[in-house]
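Trainee: Pasting a structure here, questions to come.
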Amino acid sequence: MLISQFQSPQQLADAGQTEVEQWLRGHKVRHADRLAAAAVRAAATQHTRVVGEATAADLIARLARAVLDLDRQLADIDKRISTRFEVHRHHAIITSMVGIGNLLGAEFLAAAGGSLDGFASADHLAGYAGLAPTPRDSGRRTGNLHRPKRYNRQLQRVFYTSALISIQRSPASKAYYDRKRAEGKRHSEAVLALARRRVNVLWAMLRDQRTYQEQPPNIAAAA
């Protein structure tokens, strides 16, 4: 954001801390006072001028404005997706689950094909998301379970991301994650285990047409 307006140490020095801070505040930049002070301080230590500095500054400004414009476009797209999802018949059920907001919920529906009609069970959905290990037995060796190589990575991302968020916001999810870690699973393995469990929960919620109800940690951890 800063370089879209001030591309060189000289420009920062000429503007001064107050003007830089006011500009940052006008663009709703967090901690504008600290950022302005640090930028002006750093500019004061720069005394070397290089050939083509003005041309480089102009190019940097153009690139920075293009990035900011792209960011605004993405924010607008997110808003449109969110607004469209809010009128979906499953919106209230899906977003009642801790860790799933409008964007993740919309992504879930898109990855699942708009509904769960194409999935015979929660296990089927989990397998499609790459969260259900499949047997890879050979000869006399049985019980070899491996994560499938072909699965919907977008759907897995939805459940993995929502699981990460739920660890921070849901006591039940945190207790389940801690239990898996105590069993010796790595962080990513524990999150995947939680994500797999959340497939079952979301499946049941949509099947029964009911919103999410947080279970006490001792009950959820035992599940």
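Trainee: If packing is taken as the average count of other Cβ atoms within 10 Å, what order do 181-190, 122-131 fall into, highest mean first? Don't skip to the answer; put the middle values down first.
Mentor: On the way: 181-190: 12.3, 122-131: 20.9.
Most protected by this proxy first, the peptides run 122-131, 181-190.
Trainee: While we're here: Might you report the magnitude of the Cβ-based charge dipole of the range 10-117 about its Cα centre, with Lys and Arg at +1 and Asp and Glu at -1, to the nearest 20 debye?
Mentor: On the way: 13 positive and 13 negative charges, 26 e Å.
With Lys and Arg at +1 and Asp and Glu at -1, about 120 debye.
Trainee: Measure nothing but the geometry: give the 0 to 90° angle between the long axis through the Cα atoms of 187-208 and the longest principal axis through the Cα atoms of the chain, rounded to 10°.
Mentor: Helix 187-208 and the main axis of the chain meet at about 70 degrees.
Trainee: Also: At 7 Å along Cα-to-Cβ for each site, give me the label-to-label distance between Glu189 and Arg153 in nm.
Mentor: Computed distance between label sites Glu189 and Arg153 equals 2.3 nm.
Trainee: Same structure, new question: So how tilted is helix 32-44 from the main axis of the chain? Cα-based, degrees 0 to 90, rounded to 10.
Mentor: Helix 32-44 sits roughly 50 degrees off the main axis of the chain.
Trainee: Residues of the range 193-217 with the amide nitrogen closer than 16 Å to a label point 7 Å from the Cα of Arg181, along Cα-to-Cβ, please.
Mentor: Zone members listed by number: 193-195.
Trainee: Which one of Val87, Ala75, Ala195 is farthest out on the positive end of the charge dipole of the chain, using unit charges on Cβ (Lys, Arg +1; Asp, Glu -1) and the Cα centre as origin?
Mentor: Value: Ala195.
Trainee: Also: Could you pull the accessible area for Phe6 with a 1.4 Å probe, rounded to 10 Å²?
Mentor: Here the accessible area works out near 20 Å².
Trainee: Using alpha carbon centroids, what distance separates the range 101-130 and the range 1-61, in Å?
Mentor: Cα centroid of the range 101-130 versus Cα centroid of the range 1-61: 47 Å apart.
Trainee: With labels modelled as points extended 7 Å from the Cα through the Cβ direction, what inter-label distance (nm, one decimal) is found for Glu86 paired with His31?
Mentor: Taking the simple label geometry, Glu86 and His31 are separated by 3.2 nm.
Trainee: Based on the Cα atoms of the chain, what semi-axes does the equivalent ellipsoid have, where each is the square root of 5 times one gyration tensor eigenvalue, given in whole Å with the largest first? Please list the in-between numbers first.
Mentor: Numbers: eigenvalues 455, 90, 73 Å².
In descending order the semi-axes read 48, 21, 19 Å.
Trainee: Hey, what angle do you get for helix 9-26 against the long axis of the chain, alpha-carbon based, 0 to 90 degrees rounded to 10?
Mentor: Helix 9-26 and the main axis of the chain meet at about 50 degrees.
Trainee: Related question: At 1.4 Å probe size, with every protein chain present, just tell me what the per residue accessible area of the chain comes to in Å². Kindly include the intermediate steps, with their values, before the conclusion.
Mentor: Working: 13890 Å² over 223 residues.
Roughly 62 Å² per residue, with all protein chains present.
The values are calculated or read from the model by the stated rules, or taken from the named source; none is laboratory data. The shown structure was predicted, so the numbers you read here are calculated from the model rather than taken from an experiment. Cβ sites come from the backbone with ideal geometry, for glycine too, and all protein chains shown count toward neighbours. What goes into the accessible areas is simple: the full protein's heavy atoms, side chains included, and nothing from ligands, DNA or RNA. Shrake-Rupley method; radii C 1.70, N 1.55, O 1.52, S 1.80 Å.
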